[in-house]
Amino acid sequence: MDLRQQAALRALNDVYDGMALGLGTGKTTAYFIDALAERIRSGELKHIQAVPTSEATAARARQLGIPLTTLSTYPQLDLAVDGADEVDPQLNLIKGLGRALLREKIVETHARELIIIVDESKIVPCLGSRGPVPVEITPFEVEMQVRWLNTLGCRAELWLEQDGSPVVTDNGNHLARCYFPPPGIPDPYAFARTLADRPGIVEHGLFLDLATRVIVAGQDGLRILERER
């Protein structure tokens with residue numbers, strides 16, 4: 001069994017009848033969605049409602065028969081489950097390389113608990129040491145935003161499709177990717193604040209102080225990391 005699938009199945013142990021769930025986006029979360037749908041079909045789980053974080057997740061959930069709802073109906077979700085691109089020792093995350101970071105952050109800030117499911121390759125000593133931070137930006141004067149991002153100690157580039165056209169999110173925005181030299185982002189909180197203050201930057205892939213638990217699947221089995229309360 002794929003390590004990511006092992007982590008996804010373990011996360012199902014935290015789902016109970018009547019829950020309102022946030023459903024993340026990406027290959028790892030797809031395992032969770034598939035397994036959740038199977039338990040709903042079998043009758044093991046009843047009265048589940050879910051808020052998707054992308055059009056792709058919504059389509060998959062509908063196809064599998066998972067009832068969907070909105071944050072307007074359930075402003076406080078019981079639980080959100082998602083993957084991550086990087087997890088540091090404080091359980092801070094880089095997310096969004098599945099192109100859904102804005103909707104993921106909107107949904108997951110409305111959840112009492114955020115469970116992250118990953119394989120052991122996503123555990124890093126410092127955020128930005130494994131891959132880029134995605135940044136969602138408005139299409140207007142996008143090149144100026146990328147130029148500005150390059151002044152922040154990283155190498156930023158507009159994220160392009162294979163045909164050379166810009167990647168477009170479900171929200172109609174573009175994405176940049178910010179690569180940091182080793183050992184990674186010196187101060188993720190400062191970087192997040194700088195991005196938040198910039199007009200035209202819609203959201204970023206730093207998910208700080210949000211994860212409550214991380215389920216890590218490795219060759220030696222599963223381990224669960226919990227945020228200190």
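The values are calculated or read from the model by the stated rules, or taken from the named source; none is laboratory data. Bear in mind the structure is a predicted one, so any value in this text is a computation, not a measurement. Don't worry about glycine lacking a Cβ; one is built from the backbone with ideal geometry, like all the others, and counts go over all protein chains shown.
Tally time: how many residues in the range 150-167 are touching a residue at least 12 places away in the same chain (Cβ under 8 Å), at negative phi and either more than 24 Å from the chain's Cα centre (by Cα) or part of a loop (DSSP other than H, G, I, E, B) (or both)? Working first, answer last.
Our first condition is that a residue be touching a residue at least 12 places away in the same chain (Cβ under 8 Å); within the range 150-167, this holds for 152-159, 166-167.
Keeping just the survivors that are at negative phi gives 152, 154-159, 166-167.
Remaining after also requiring either more than 24 Å from the chain's Cα centre (by Cα) or part of a loop (DSSP other than H, G, I, E, B) (or both): 152, 154, 159, 167.
Summing the residues that are touching a residue at least 12 places away in the same chain (Cβ under 8 Å), at negative phi and either more than 24 Å from the chain's Cα centre (by Cα) or part of a loop (DSSP other than H, G, I, E, B) (or both) in the range 150-167 gives 4.
Among the candidates 187, 170, which residue alone is on the phi < 0 side of the Ramachandran plot, over 17 Å from the mean Cα position of the chain (by Cα) and of a type in the set (D, E, K, R)? Break it down stepwise before answering.
Numbers: 170 fails: over 17 Å from the mean Cα position of the chain (by Cα).
Residue meeting the stated conditions: 187.
Could you check residue 156 against (1) crowded, with 18+ Cβ neighbours inside 10 Å; (2) within 19 Å of residue 210 (Cβ to Cβ) and say which number it fails?
Status for residue 156: all satisfied but (2).
Keeping to the range 196-229, report how many residues are closer than 30 Å to residue 146 by Cα and aliphatic (A, V, I, L, M).
7
Go through the range 47-68 and give me each residue that's over 19 Å from the mean Cα position of the chain (by Cα) and not charged (D, E, K, R).
Residues satisfying the conditions are 47, 48, 49, 63, 64, 65, 66, 67.
Which condition number in (1) assigned to a strand (DSSP E or B); (2) surrounded by fewer than 16 Cβ atoms within 10 Å (Cβ to Cβ) is the one that residue 44 fails?
The number of the failed condition is (1).
Confirm whether residue 8 is in contact (Cβ under 8 Å) with a residue 12 or more places away in the chain, at negative phi and in contact with a Ser or Thr (Cβ under 7 Å, 6 or more places away or on another chain).
Yes.
Which of the residues belonging to the range 47-59 are assigned to a helix (DSSP H, G or I) and either without any contact (Cβ under 8 Å) to a residue 60 or more places away in the chain or among the hydrophobic types (A, V, I, L, M, F, W, C) (or both)?
Step one: of the range 47-59, the residues assigned to a helix (DSSP H, G or I) are 55-59.
Passing the criteria: 56, 57, 58, 59.
Are there any pairs with C-beta distances below 6 angstrom linking a residue in the range 179-190 that is modelled with pLDDT of 95 or more to a residue that is in a strand (DSSP E or B) and among the hydrophobic types (A, V, I, L, M, F, W, C), with the two at least 6 apart or on different chains, and if so which?
188/206
From the set of residues in the range 99-112 that are in a loop (DSSP other than H, G, I, E, B) and surrounded by fewer than 23 Cβ atoms within 10 Å (Cβ to Cβ), which is farthest from the chain's Cα centre (by Cα)?
Restricting attention to the range 99-112, the residues satisfying the condition of being in a loop (DSSP other than H, G, I, E, B) are 99-100, 109-110, 112.
Within this subset, residues satisfying the condition of being surrounded by fewer than 23 Cβ atoms within 10 Å (Cβ to Cβ) are 99, 109-110, 112.
On the way: 99: 9, 109: 11, 110: 14, 112: 16 Å.
If we take residues in the range 99-112 being in a loop (DSSP other than H, G, I, E, B) and surrounded by fewer than 23 Cβ atoms within 10 Å (Cβ to Cβ), then 112 is farthest from the chain's Cα centre (by Cα).
Across the range 173-204, what is the total count of residues that are part of a helix (DSSP H, G or I) and more than 18 Å from residue 137 (Cβ to Cβ)?
Adding up the residues that qualify gives 3.
Looking at residue 43 and the list (1) at positive phi; (2) in contact with a strand residue (DSSP E or B) (Cβ under 7 Å, 6 or more places away or on another chain), which single condition is not satisfied?
All conditions are met except number (2).
Taking residue 91 as the residue in question, decide whether it is crowded, with 21+ Cβ neighbours inside 10 Å, in the same structural domain as residue 7 (by TED's automatic domain parsing) and assigned to a loop (DSSP other than H, G, I, E, B). Break it down stepwise before answering.
Numbers: crowded, with 21+ Cβ neighbours inside 10 Å: yes; in the same structural domain as residue 7 (by TED's automatic domain parsing): yes; assigned to a loop (DSSP other than H, G, I, E, B): yes.
When the stated conditions are applied, residue 91 passes them.
Looking at the range 85-132, which of its residues are hydrophobic (A, V, I, L, M, F, W, C) and over 16 Å from residue 227 (Cβ atoms)?
94, 97, 100, 101, 102, 106, 107, 124, 126
Any idea which of (1) outside the structural domain of residue 78 (by TED's automatic domain parsing); (2) crowded, with 22+ Cβ neighbours inside 10 Å; (3) over 15 Å from residue 154 (Cα atoms) is the one residue 214 doesn't satisfy?
(1)
Consider the range 12-29. How many of its residues are under 14 Å from residue 119 (Cβ atoms) and without any contact (Cβ under 8 Å) to a residue 40 or more places away in the chain?
0
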